[in-house]
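Written below as structure tokens is the structure these notes are about.
Each value in this text was obtained by applying a stated rule to the coordinates, not by laboratory testing. Here the structure is a predicted model, which is why all the values come from computation and not from measurement. Methodologically, a virtual Cβ is constructed for each residue, glycine included, from the backbone with ideal geometry; neighbour enumeration extends over all protein chains shown.
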Amino acid sequence: MRTIQLNEKEMGLKATALSPHLYKKDFKRDIMADIAKFIEVEKTKEDGSKDINFEAFDTVVILQLAYIMNKTYKFGSGSEFPTFEKWLQEDADGFDLEVMGTIVEEAIDGLFPRAKSRNKHPATKQ
């Protein structure tokens, strides 16, 4: 779970097993297929420096991920969650590249927690 700051307003994001279900229900797409698009966003130039491949960048998908993770964060709170369009209009103003990177990171970390822990703590052979 992470909290991002948008125009002096905090927004909680949480990616869990519920998130792919909500994503498919709301957007009629698979969340993993959309996350896979971001594998090609950062590319390495011939000189070894990093560059952003804007052809692989999809702002709407990032906003959809943020919406679903905010919806997951608030799930079960008893209050009705707004439609995507209403959420964009009321809650999503102030996204920048840094915030967008945090959104993608939370989606990957939350949906693939074992991959994250495997990288930090390699399994020992017995």
Worksheet entry | Stretch gain in nm, segment Thr83-Lys28, where the contour uses 0.36 nm per residue and the Cα spacing is subtracted | 18.4 nm
Worksheet item: Using a Gaussian network for the chain with springs between C-alpha atoms less than 10 Å apart, which of these wobbles most: Glu90, Glu55, Glu98?
Response: Glu55
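Can you give the charge dipole size of the chain about its Cα centre, rounded to the nearest 20 debye, using +1 on the beta carbon of Lys and Arg and -1 on the beta carbon of Asp and Glu?
Details: 19 positive and 22 negative charges, 188 e Å.
Dipole of the chain, to the nearest 20 debye: 900 debye.
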Fill in: Residue-count net charge about Asp34 - beta-carbon cut-off 11 Å; Lys, Arg +1, Asp, Glu -1
+1
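What is segment 1-118's relative contact order, in percent, from Cα pairs under 8 angstrom and six or more apart in sequence?
Numbers: 120 pairs, mean separation 42.7, N = 118.
Once divided by the residue count of segment 1-118, the mean separation gives 36 percent.
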Worksheet item: What is the P(r) of the chain, as percent of Cα-Cα pairs per 5 Å bin from 0?
Response: 2, 10, 19, 21, 19, 14, 7, 5, 2, 1, 0
Discussion item. Looking at the chain as a GNM with Cα springs under 10 Å, which of Asp51, Asp34, Asp93 has the largest mean-square fluctuation?
Written reply: Asp51
Item to complete: Please identify which residues in segment 61-105 have an amide N closer than 15 Å to a label point set 7 Å out from the Cα of Ile52, following the Cα→Cβ vector.
Response: 61-63, 94-105
Worksheet entry | Value in Å of the Kirkwood radius, where segment 1-44 supplies the Cα pairs that are averaged | 12.5 Å
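Using 29 Å as the Cα-Cα cut-off, could you pick out the over-long pairs in Lys24/Lys74; Lys45/Lys74; Lys50/Lys86; Lys14/Lys45; Lys24/Lys50?
On the way: Lys24/Lys74 18 Å; Lys45/Lys74 41 Å; Lys50/Lys86 36 Å; Lys14/Lys45 33 Å; Lys24/Lys50 33 Å.
The answer is Lys45/Lys74; Lys50/Lys86; Lys14/Lys45; Lys24/Lys50.
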Worksheet entry | Sequence-distant residues sharing a close amide H with Ala92 (under 5 Å, placed H) | none
